[in-house]
Structure formats: C-alpha cells, structure tokens
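Q: Handing you a structure now.
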Amino acid sequence: MSFETANEFYKAGIPFCIITDSPVVPEQYLSLSAALAHKAGLPEYEAIKAITINPAKILKLNDRIGSIKVGKDADFVVCTKNILDTQNEIKTVYVNGKKEA
C-alpha cells in the first residue's frame, strides 16, 4: 500500500500494473503514480510498462492494446519529455491512429 510495493512485485516476478483509484485519485494522475513508484525504486522502464503493456496483459487485451505495433489499436500520446517526468506536457493525442483536434 505504498509506492515501494510496485518494486517489491517487480523483484518477486509478480505481474502488476499501476492504476489510480478514480475518482479519489483522477485518471490524469496515472503517469504521476508511475513516476512516484519509479522514485520509490521501480526501474523506469518497468514503471512505464506498469501503465501500458502490463495492464493490457493482465486483462488479456495485449493483442490489441498496450504497445505500439502494426495491427494494434493506435491510441497514444506524444509528449515533450519522458512520460514519468512531472514537467512533461502532452503535445498530441492519437486515437485509432488519427490525430485528435
């Protein structure tokens, strides 16, 4: 029940994902939650996977979502910095491969 928990799961080889408990913590703080887990010891790449491919695998939807690959749904964002950087800004959003207005 702390930001260190994610790293303990990672070290033990237990599949996990990072979520918010919306509406208590709104969805827009998902990357912040991953950043805090990283700050608490979770390797950076594992923190990113915990908000992308890991939830897709847990939900058995990784054939459609969770990573960028030909044939998958193309919903993603383009950012000014690393998604875990709290100074990051989202520049562009793509849904189904099309740039949102």
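The values are calculated or read from the model by the stated rules, or taken from the named source; none is laboratory data. Owing to the predicted nature of the structure, the values given are computational and were not obtained by experimental measurement. Cβ sites come from the backbone with ideal geometry, for glycine too, and all protein chains shown count toward neighbours.
Q: Can you confirm whether region 86-97 contains a residue that is of a type outside the set (Gly, Ala, Ser) and surrounded by 16 or more Cβ atoms within 10 Å (Cβ to Cβ)?
A: Kept after step one, since they are of a type outside the set (Gly, Ala, Ser), are these residues of region 86-97: 86-96.
Cutting the leftovers down to surrounded by 16 or more Cβ atoms within 10 Å (Cβ to Cβ) gives us 88.
Looking for residues that are of a type outside the set (Gly, Ala, Ser) and surrounded by 16 or more Cβ atoms within 10 Å (Cβ to Cβ), one finds at least one in region 86-97, hence yes.
Q: Could you tell me which residue of region 63-85 is surrounded by the fewest Cβ atoms within 10 Å (Cβ to Cβ), considering only residues that are of a type in the set (Asp, Glu) and under 19 Å from LYS98 (Cα atoms)? Outline the logic, then answer.
A: Initially, region 63-85 is screened for residues of a type in the set (Asp, Glu), giving 63, 73, 75, 85.
If we keep only those that are under 19 Å from LYS98 (Cα atoms) as well, we get 73, 75.
On the way: ASP73: 12, ASP75: 14.
Ranking the candidates gives ASP73 first.
Q: In addition: So the check is Cβ under 8 Å with 6+ separation or different chains; which pairs have a first residue in region 1-23 that's in contact (Cβ under 8 Å) with a residue 40 or more places away in the chain and among the small types (Gly, Ala, Ser) and a second one that's outside any loop (DSSP other than H, G, I, E, B) and crowded, with 18+ Cβ neighbours inside 10 Å?
A: What qualifies is ALA6/ALA37; ALA6/GLU46; ALA6/ALA47.
Q: Moving on to the next point. Of the conditions (1) within 13 Å of the chain's Cα centre (by Cα); (2) not in a loop (DSSP other than H, G, I, E, B), THR92 satisfies every one except a single condition; which number is it?
A: Among (1) within 13 Å of the chain's Cα centre (by Cα); (2) not in a loop (DSSP other than H, G, I, E, B), the lone unmet condition for THR92 is (1).
Q: Pull up region 69-89, narrow it to residues that are assigned to a loop (DSSP other than H, G, I, E, B), at pLDDT 90 or above and among the aliphatic types (A, V, I, L, M), then point me to the one that is farthest from TYR29 (Cα to Cα).
A: VAL70
Q: Right, another one. Please give the helices (runs of 4 or more DSSP H) falling wholly within region 1-62 in which 2 or more residues are surrounded by 13 or more Cβ atoms within 10 Å (Cβ to Cβ) and in contact with a Pro (Cβ under 7 Å, 6 or more places away or on another chain).
A: Values: elements: 5-12, 30-39, 44-49, 53-58.
Per the criteria, 53-58.
Q: Do we find a residue being small (Gly, Ala, Ser) and in contact with a Leu (Cβ under 8 Å, 6 or more places away or on another chain) anywhere in region 41-57? Even if it seems obvious, please write down each step before you answer.
A: Step one: filter region 41-57 for residues small (Gly, Ala, Ser), giving 41, 47, 50, 56.
Now restrict to residues that are in contact with a Leu (Cβ under 8 Å, 6 or more places away or on another chain): 47, 50.
Yes, region 41-57 contains at least one residue that is small (Gly, Ala, Ser) and in contact with a Leu (Cβ under 8 Å, 6 or more places away or on another chain).
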